[in-house]
1. Go through ASP553, ASP549, ASP530, ASP536 for me and flag whichever is farther than 30 Å from ALA421 by Cβ and at pLDDT below 95.
2. Taking the conditions exactly as written (modelled with pLDDT of 90 or more and buried (at least 20 other Cβ atoms within 10 Å of the Cβ)), does LEU577 satisfy them or not?
3. When you check ALA116 against the structure, is it farther than 25 Å from GLU57 by Cβ, surrounded by fewer than 16 Cβ atoms within 10 Å (Cβ to Cβ) and either in contact with a strand residue (DSSP E or B) (Cβ under 6 Å, 6 or more places away or on another chain) or of a type in the set (A, V, I, L, M) (or both), yes or no?
4. Looking at GLY187, GLY259 in this structure, which one is touching a residue at least 24 places away in the same chain (Cβ under 8 Å), outside the structural domain of LEU20 (by TED's automatic domain parsing), in contact with a Pro (Cβ under 6 Å, 6 or more places away or on another chain) and not in a helix (DSSP H, G or I)?
5. Mind checking which residues of the stretch 428-438 are over 12 Å from HIS329 (Cα atoms) and either surrounded by fewer than 21 Cβ atoms within 10 Å (Cβ to Cβ) or in contact with an Asp or Glu (Cβ under 7 Å, 6 or more places away or on another chain) (or both)?
6. Within the group SER166, SER224, SER174, which residue is among the hydroxyl-bearing types (Ser, Thr, Tyr), farther than 18 Å from LEU115 by Cα and in a helix (DSSP H, G or I)?
7. Where the second residue is polar (S, T, N, Q) and not in a helix (DSSP H, G or I) and the first is within 13 Å of ALA351 (Cβ to Cβ) and lies in the stretch 300-316, which pairs have Cβ atoms under 7 Å and are six or more apart or on separate chains?
8. When you look at ILE441, is it in the same structural domain as PHE364 (by TED's automatic domain parsing), touching an Asp or Glu at 6+ places or on another chain (Cβ under 6 Å), touching a residue at least 60 places away in the same chain (Cβ under 8 Å) and not basic (Lys, Arg), yes or no?
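The values are calculated or read from the model by the stated rules, or taken from the named source; none is laboratory data. All of these numbers come straight from a predicted model, not from anything done at the bench. So basically every Cβ, Gly included, is an ideal-geometry build from the backbone, and we count neighbours across all protein chains shown.
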Amino acid sequence: MGATVTREEAEAEETSFAVLGPLEARRNGDLVPLGPFKQRVLLSLLLCHANRIVPVEQLSSAAWTEEPPRTALKNVQVYVSALRKNVLGQAQRHRLSFRPPGYLLQLGPRQLDMLAYETLARRGRQHLRDREIAKAVGPLHEALKLWRGDPLPDMAHVPLISDELSRLHNERMSVYEDWAEAELALGHHTHIIGSLEENVRHHPLRERLRSTQMIALFRCGRQSEALAEYEAMRQTLARELGLRPSPVLERLYRAILAGDPALDGPPHGGTLPGGTLSGGTTLTRPNGAGGAGPEVVAHLSRLPRDLADFTGRQGAVRDVLDVFRARRHSPPVVISGPPGAGKTAFAVHAAHLLRERFHDGQLFMRLRTPGGRERSVPDVLAEVLRTCGFDGDPPRRAGERVALYRAWLAERHILLIFDEASSEAQIRPLLPGAGDNGVLITSRKRLSALESAHHVELAGFTLDESVELLRRTAGAGRIDAEPRAARRVAGTCGNLPLAVRIAGARLAASQRVPLPLFADALADEQSLLDQLSVGDLSLRACAATYERDLGPDLWPSLRLLGTLPACEFTVDDLAALLGSDTRLAGGVADRLVEAHAVTVDFRPAPVYLIADWLRLYARERLLREEPAARREAARERLSRARART
C-alpha cells in the first residue's frame, strides 16, 4: 500500500500565485520559474480571471498585441501545456482545463493572493454593513497587507490585462478608504494621519480620501491644515478637470470652518463618520440649520420612472442582476432586440432594482435624437459632464472629453444606462476606464464586437406574458372573462410588447367594445395598423425605425417582403423577389436577421419569418413607392419560384 499523504503535505505541494505585486508562483516556499514572456502573459490573464473561462481569442490577443500568427492557436496550446506541467505541477495540473471557448484556471484564496484579498475585503465590509466597526478593521488591514506594490507591473502595457490592473488598483484604494474611515470611527486618527497624507499625495483627486484626511487633521487639532487641504483639492479639481468639489466635501469644509462639534471624536462604541459606510462622509446639521439629524447626501439619479405594470422577463431580469451583484466590477450588459420589444423599459426596470448597488447614482442617456438620428460621442459626453456638475465649457477635443469623463467616474459607483446605441464605435468611448461602475446598453443590434460584453437578447413575449400585460393594462376582469379572445388579440399582436401595450390601452379606452369584436378587428389585415395606434404610440412609427436603421441598401429588400401573402419565406423566395441568386439573397436574409427585422427557424432548412404588422407596413410602403410594373414583376417571380418547388 502507498504511503498516506497528509493534508499539510498536500498543501505544501500546491502552487500558489501572487499578482498583487510582481508576478510570482511558489511551491514549498520556493519560487517556480514561469517561462518565456508570452507564457507569463497567458498566466497573468488566466490569474486575473481566475475561476472564469478566458476565450482562446483573448489569450491570443493578449500574447500577440499585433496580428497573431497563423500558429497562434497551437502556440497557446503549447504554453498551456507548459503551465500545467512546469508551473502547476503534476498534482495540480487539473486546475487548468479547457472549457469551450477557452481555458479555466480554478483556484481558491489559498492559491491566489487576489482571491485571499477579496475574501478578506468582503469579510471586513460585511462587518461595516453590520455596524461592527471594531471587527471590520482587522480583515480590511490584513487585505491591504497582501499588496507588495503595483500589480503585475511588467504587464501594464498588455491591453486586456491593463484594464484588470486598473480595476485592482481602484479596488485597493476603495478598501483603503473603508479601513481609514473605520479607524477614524474608532478614534484612531493620530495613528492613520501619516498614512492618509501619503496616499493623498499619490491620489490627489480622490474626494473620499481627502474627506477622511480633513477630519483626521481636524481631530488632531490641525484645523488650518484641514482647511488648506480642501483648498488644494478645490484648485486641483478646477485646474485638471474643470470641476467643483462635491456638495459633501463643501459641507465638510464649512463644518470645519465653523468648528462644528459634530466633527469631534466618535461617540462611544464608534460609528463611521456621519453614519455612512462608503462613498462619502455625511455630516450632522449644525445648530440652527433645521435641527439635528443627518443630512441627505445629494444622489445623482436621472432614471425615468419604472413602469408599474412591467410584465414578464423574470429570467432575463435575474440574469442582469446576477451580472452586477456577482462581482464588484462587472462587464457592460447589452440588451438587444427588435423595435417594440421593450428594451428601454427593461433596462430602466433593472436599473431601479440596482439603485442600492450603485449608491452614487444612475445616469440615463439617450444616444439618438428625437428624430432617431445617432448622436455624436462628443455631444453625449458634453451632456454627461454638464449633468455631473462640470463648470465651464467642456474641452473641444473628443479625446479630452473622454479623459475628463473617465476621471470623474473613476472614484464613483455609478450605473450608466445608454439607450438606443447605434454601434460598437459609438459605445466604446462611453465605457468607464476604471472604478466600480455599471453599464447597461440598449440597442436594436446585438453589438457582437463589443469586447467582454454580457448579452441579453429580448424577443417577443410568450403568449402568457402577453395576456398578463393585457390584464394589467385593460383590466384583469375583462380579460379573464374572455380568455380565448384575449389570446387571439395577443397572437395577432405577434406577442410584441409594444403592440400588446397599445392593444391594452385601446381596450381600456373603449370599455364598451366587446373583446371578441376587437379581436376580429385586429384580424383584418386592412385595419391592423390603424387599430394598433393610440396617443403617441403607433406600430407604424415603430416600423419606420427599420427604414432609418436599414438604410437605402437594405430597406428596399425588406419593403419587397410586403409582396408575401403570409409571414414565412425561404432564401429561394427572397432571391425571386430580389431577382438575384440565392447566395446574394442569403446574405440579405442574414443582415435582416441581425437587424431583428426577421427571425429564422431551422426545420432543418432555414425558414424566415417576418411579423405580420411589419409585413403589412412594408406592403403599404411598397404600394406607395414602387411602380406597379415592378411590384407585379416581383410577384410573378415569386409565384414561378414557388410553383417550381
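1. Values: ASP553 fails: farther than 30 Å from ALA421 by Cβ; ASP549 fails: farther than 30 Å from ALA421 by Cβ; ASP536 fails: farther than 30 Å from ALA421 by Cβ.
None of the others qualify; the one that does is ASP530.
2. Details: modelled with pLDDT of 90 or more: yes; buried (at least 20 other Cβ atoms within 10 Å of the Cβ): yes.
Answer is yes for this residue.
3. Numbers: farther than 25 Å from GLU57 by Cβ: yes; surrounded by fewer than 16 Cβ atoms within 10 Å (Cβ to Cβ): no; either in contact with a strand residue (DSSP E or B) (Cβ under 6 Å, 6 or more places away or on another chain) or of a type in the set (A, V, I, L, M) (or both): yes.
Against the criterion (farther than 25 Å from GLU57 by Cβ, surrounded by fewer than 16 Cβ atoms within 10 Å (Cβ to Cβ) and either in contact with a strand residue (DSSP E or B) (Cβ under 6 Å, 6 or more places away or on another chain) or of a type in the set (A, V, I, L, M) (or both)), ALA116 does not qualify.
4. Values: GLY259 fails: in contact with a Pro (Cβ under 6 Å, 6 or more places away or on another chain).
Step by step, each of GLY187, GLY259 is checked, and only GLY187 is touching a residue at least 24 places away in the same chain (Cβ under 8 Å), outside the structural domain of LEU20 (by TED's automatic domain parsing), in contact with a Pro (Cβ under 6 Å, 6 or more places away or on another chain) and not in a helix (DSSP H, G or I).
5. As a first pass, look at the stretch 428-438 and keep what is over 12 Å from HIS329 (Cα atoms): 428-431.
ARG428, PRO429, listed by residue number.
6. On the way: SER166 fails: farther than 18 Å from LEU115 by Cα; SER174 fails: farther than 18 Å from LEU115 by Cα.
Selected residue: SER224, the only one of SER166, SER224, SER174 that is among the hydroxyl-bearing types (Ser, Thr, Tyr), farther than 18 Å from LEU115 by Cα and in a helix (DSSP H, G or I).
7. Note: pairs meeting the criteria are SER301/GLN362; ARG302/GLN362; LEU303/GLN362.
8. On the way: in the same structural domain as PHE364 (by TED's automatic domain parsing): yes; touching an Asp or Glu at 6+ places or on another chain (Cβ under 6 Å): no; touching a residue at least 60 places away in the same chain (Cβ under 8 Å): yes; not basic (Lys, Arg): yes.
The answer is no for ILE441.
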